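Before I ask anything, here is the structure I am working with.
The values are calculated or read from the model by the stated rules, or taken from the named source; none is laboratory data. Since this is a predicted model, take the numbers as computed values, not measurements. Positions of Cβ are backbone-derived with ideal geometry, glycine not excepted, and every protein chain shown enters the neighbour counts.
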Amino acid sequence: MSKFNVLITGSSGMVGQSLQLYVKRYNLHHKNTIDSSPNYYFLTREDCDLTNKAKLREIFKKLKVTFVVHLAAKVGGLYMNMKHNVEMFMENMKINMNVIELCHEFNVNRGVFCLSSCIFPPEPKSFPMKEEYICDSPPHPSNEGYAYSKRMLYIMCKHYNQQYGRDYICVSPVNLYGAYDNFDINNSHVIPGIIHKMYLTKYQEGEYKKDTYEVLGTGKAQRQFLFAMDFACIIFKILWNKDIDKKNMLINICSDKEYTIKQVVQLIAFNLDYDIHNIVYNNKYSDGCIKKTVSNKLFRKFFPDHKFIPLEDGLDATISWFEKNYNKPRFRK
């Protein structure tokens, strides 16, 4: 029987679902080489409201948690963040404080805590942004609530590490996408939002019975992207890599590739067989932060041979999953 019990929060989300699949594949592949594999407990919002500290404490006690992967967060796309900065800040602060305080209370010495590259300064001293730039100046005003809640999570981890000798590692992924994403047009991130809206426009459904597909913004903003299954693999490796500790407690997760939103739109259009000549850009809408390139130098120090899934292949897999699951009851649209 394993003495290691790993609690993963946010398990119904895209990264949580991807991590579940990765763990299953890993254990299946290594079933004859592992004497006592860890117990993984994938916690969803149906299992526990993470803003309820008493309920979460019961789970920590019952499971005898020894490691934590904290993925849960209240998230949304650019325009949701702009409209709901208060809610994004308050709910995420409650969740993060409860999780990290209970980690300490139950003597959980190691954990991986998920941040986001969107919390970095919009006008850094240089590009690509290194991990130490994270608190150099305020985040972009469009997502201040979410960004500051994630910065505070980093600060909490940093000081628990310093004061109590913990190894709480923060990972900061770039824009994530993949199967199990939230495809709600009004609240999703950029890739799932484009996929869903273009799909409806192509098949002339509902309010999208239009001759053109409209992109909000100029399409000039530049972004790095990370396939969710890539991220799941990296989280797993970081959790069990003892060389990564409090001395390297914040790691950007990204490849060297960067794309404009226009390039992403065209790749999705190609995959959906949608005519790119019918795509228009509405520059009355904000682009958000035009550029927020982060450095992967530290990541490459620990994982020099990791091969990221190319955006074209990741989009192909994501759109295939989207089309197969579009009419299923639990599909998030």
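Suppose we filter the range 69-108 for residues that are under 18 Å from A54 (Cβ atoms) and not in a loop (DSSP other than H, G, I, E, B); how many remain?
Going through the range 69-108 one residue at a time, the tally reaches 14.
So, in the range 55-84, of the ones that are surrounded by fewer than 19 Cβ atoms within 10 Å (Cβ to Cβ) and over 25 Å from G165 (Cα atoms), which residue ends up modelled with the lowest pLDDT?
Here the answer is Y79.
To continue, here is another question. Can you work out which of the residues in the range 94-122 that are among the hydrophobic types (A, V, I, L, M, F, W, C) and under 24 Å from N186 (Cβ atoms) is nearest to the chain's Cα centre (by Cα)?
First, pick out the residues of the range 94-122 that are among the hydrophobic types (A, V, I, L, M, F, W, C): 95, 97, 99-100, 102-103, 106, 108, 112-115, 118-120.
Next cut, under 24 Å from N186 (Cβ atoms) only: 95, 114, 118-119.
On the way: I95: 16, C114: 7, C118: 10, I119: 12 Å.
In this case the residue turns out to be C114.
Test of understanding: among I59, I95, I119, which residue is among the β-branched types (V, I, T) and in contact with a Cys (Cβ under 8 Å, 6 or more places away or on another chain)? Outline the logic, then answer.
Details: I95 fails: in contact with a Cys (Cβ under 8 Å, 6 or more places away or on another chain); I119 fails: in contact with a Cys (Cβ under 8 Å, 6 or more places away or on another chain).
Within the list I59, I95, I119, the selection yields I59.
Then there's this: From the set of residues in the range 1-11 that are among the hydroxyl-bearing types (S, T, Y) and in contact (Cβ under 8 Å) with a residue 40 or more places away in the chain, which is surrounded by the most Cβ atoms within 10 Å (Cβ to Cβ)? Walk me through it before giving the result.
Residues of the range 1-11 that are among the hydroxyl-bearing types (S, T, Y), as a first pass: 2, 9, 11.
Subset that is in contact (Cβ under 8 Å) with a residue 40 or more places away in the chain: 9, 11.
Numbers: T9: 27, S11: 22.
Checked the range 1-11; the qualifying residue surrounded by the most Cβ atoms within 10 Å (Cβ to Cβ) is T9.
Out of (1) assigned to a helix (DSSP H, G or I); (2) in contact with a helix residue (DSSP H, G or I) (Cβ under 8 Å, 6 or more places away or on another chain), the odd one out for H159 is which?
Status for H159: all satisfied but (2).
Given the criteria over 13 Å from the mean Cα position of the chain (by Cα) and at pLDDT 95 or above, does Y148 qualify?
Working: over 13 Å from the mean Cα position of the chain (by Cα): yes; at pLDDT 95 or above: yes.
Criteria met by Y148.
If the Cβ limit is 8 Å and pairs must be 6+ apart or interchain, which residue in the range 124-149 that is under 14 Å from N252 (Cβ atoms) and without any contact (Cβ under 8 Å) to a residue 24 or more places away in the chain pairs with which residue that is among the polar types (S, T, N, Q) and assigned to a loop (DSSP other than H, G, I, E, B)?
What qualifies is P124/S137.
For the range 295-308, state whether one or more residues are under 22 Å from P122 (Cα atoms) and among the basic types (K, R).
Here is the first cut: in the range 295-308, the ones under 22 Å from P122 (Cα atoms) are 295-299.
Now restrict to residues that are among the basic types (K, R): 297.
The answer is yes, given that some residue of the range 295-308 is under 22 Å from P122 (Cα atoms) and among the basic types (K, R).
For the subset of the range 281-330 comprising residues that are of a type in the set (S, T, Y) and in contact with a strand residue (DSSP E or B) (Cβ under 7 Å, 6 or more places away or on another chain), which member is surrounded by the most Cβ atoms within 10 Å (Cβ to Cβ)? Write out each step before concluding.
Start the filter on the range 281-330 by keeping residues that are of a type in the set (S, T, Y), which leaves 281, 285-286, 293, 295, 318, 320, 326.
Adding the requirement that they be in contact with a strand residue (DSSP E or B) (Cβ under 7 Å, 6 or more places away or on another chain) leaves 281, 285, 293, 295, 318.
Numbers: Y281: 17, Y285: 14, T293: 20, S295: 17, T318: 25.
The selected residue is T318.
Moving to a separate point now. Scan the range 195-222 and report the pairs whose first residue is assigned to a helix (DSSP H, G or I) and whose second residue is among the acidic types (D, E), with Cβ atoms within less than 8 Å and a gap of 6+ or a chain change.
Close Cβ pairs (under 8 Å, with a partner that is among the acidic types (D, E)) amount to H196/D184; Y199/E323; K202/D273.
Next up: I need every pair where a residue in the range 154-167 that is surrounded by fewer than 19 Cβ atoms within 10 Å (Cβ to Cβ) has its Cβ under 9 Å from the Cβ of a residue that is among the aromatic types (F, W, Y), sequence separation at least 6 or different chains.
If the second residue must be among the aromatic types (F, W, Y), the pairs left are K158/Y168; N161/Y168.
If you take the residues in the range 47-68 that are closer than 16 Å to G111 by Cβ and part of a loop (DSSP other than H, G, I, E, B), which one is nearest to the chain's Cα centre (by Cα)?
Among those that are closer than 16 Å to G111 by Cβ and part of a loop (DSSP other than H, G, I, E, B), it is L50.
Just checking: which of the strands (runs of 3 or more DSSP E) contained wholly in the range 225-333 hold 2 or more residues that are in contact (Cβ under 8 Å) with a residue 12 or more places away in the chain and under 21 Å from V68 (Cβ atoms)? First the steps, then the outcome.
On the way: elements: 225-227, 250-253, 279-282.
Once the strands (runs of 3 or more DSSP E) in the range 225-333 are filtered for at least 2 residues that are in contact (Cβ under 8 Å) with a residue 12 or more places away in the chain and under 21 Å from V68 (Cβ atoms), what remains is 250-253.
Now, a different point. Taking the conditions exactly as written (closer than 30 Å to N282 by Cβ, of a type in the set (S, T, Y) and either over 18 Å from the mean Cα position of the chain (by Cα) or at pLDDT 95 or above (or both)), does Y199 satisfy them or not?
Numbers: closer than 30 Å to N282 by Cβ: yes; of a type in the set (S, T, Y): yes; either over 18 Å from the mean Cα position of the chain (by Cα) or at pLDDT 95 or above (or both): yes.
Taking the combined requirement at face value, the residue satisfies it.
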